[in-house]
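For reference, the structure is listed below as structure tokens.
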Amino acid sequence: MMITRSLAGVAFAAGILALAPITASSANASTTGASTASASTASASSSKWGPYYARGTKAKANGTLTAAAKDDPSLPNPLVKVSGSVVSLSRTPSTCGWALFRFTTFDSANQPHLMFRNYRSCSYGTKKTFAFSAKNVEGVEFKICSEKKASKPSLSCEYSGTWKSLYVYYK
């Protein structure tokens with residue numbers, strides 16, 4: 001009975017120590033996000049994202065995101081520009097590196113819509129550059145995959161794993 005309690009205590013302490021860096025980084029991210037949000041009201045903010053790697057480091061993507069200046073913090077951002085590149089790091093010619101973007105926009109009736117952009121590079125070491133912009137943006141998310149050559153990414157690529165948040169504007 002005593003051994004079970006002490007093992008439970010050790011497991012509890014290990015869990016707290018494992019979560020400490022996560023809470024510290026999220027606290028830093030929240031203060032950084034607050035300073036970015038206040039800075040974006042004064043002028044346009046630009047930030048670098050990446051490099052992000054696909055599982056097994058078979059693809060790499062990085063770039064920049066620029067958010068327009070905002071006067072009213074309760075409205076979505078009027079313009080967000082994303083640019084960057086994706087590189088396939090697989091020597092197999094039938095394997096491509098995919099950069100997937102998902103962003104939330106609002107229409108004139110203030111209804112949210114999900115929009116997607118996909119970019120691929122299928123030649124080893126060759127960069128595929130991309131740039132796009134979106135209006136009335138609330139958030140931009142990113143995911144990178146490496147899989148067989150196709151006209152669009154597979155459902156496994158789109159739905160397995162986690163999306164990385166590049167830009168979120170909280171009301």
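The values are calculated or read from the model by the stated rules, or taken from the named source; none is laboratory data. Everything numeric here is computed off the predicted structure, so don't read it as measured data. Ideal geometry is used to build each Cβ from the backbone, glycine not excepted, and the neighbour counts take in all protein chains shown. Areas reflect the complete protein model, heavy atoms only, side chains present, ligands, DNA and RNA absent. Shrake-Rupley method; radii C 1.70, N 1.55, O 1.52, S 1.80 Å.
Summary table below
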quantity	calculated
Residue in the range 39-50 that is modelled with the lowest pLDDT, counting only those that are of a type outside the set (Lys, Arg) and open to solvent by 70 Å² or more (accessible area, probe 1.4 Å)	42
Qualifying positions in the range 61-87 - open to solvent by 50 Å² or more (accessible area, probe 1.4 Å) and closer than 19 Å to residue 51 by Cα	62, 81
Where residue 73 falls short, out of the listed (1) touching a strand residue (DSSP E or B) at 6+ places or on another chain (Cβ under 6 Å); (2) modelled with pLDDT under 90; (3) not aliphatic (A, V, I, L, M)	(1)
Output for the range 106-157, where each listed residue is part of a loop (DSSP other than H, G, I, E, B) and touching a residue at least 24 places away in the same chain (Cβ under 8 Å)	107, 122, 123, 125, 126, 149, 150, 152, 153
Only one of 108, 133, 165, 160 that is within 24 Å of residue 92 (Cα to Cα) and either of a type outside the set (A, V, I, L, M) or surrounded by 15 or more Cβ atoms within 10 Å (Cβ to Cβ) (or both)	160
Considering residues of the range 136-157 that are among the aliphatic types (A, V, I, L, M) and closer than 27 Å to residue 108 by Cα only, the residue surrounded by the most Cβ atoms within 10 Å (Cβ to Cβ)	140
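Yes or no, residue by residue, for (1) in contact with a Ser or Thr (Cβ under 9 Å, 6 or more places away or on another chain); (2) part of a strand (DSSP E or B); (3) under 16 Å from residue 161 (Cβ atoms); (4) not β-branched (Val, Ile, Thr):
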site	(1), (2), (3), (4)
79	yes, yes, no, yes
90	yes, no, no, yes
93	yes, no, no, yes
103	no, yes, no, yes
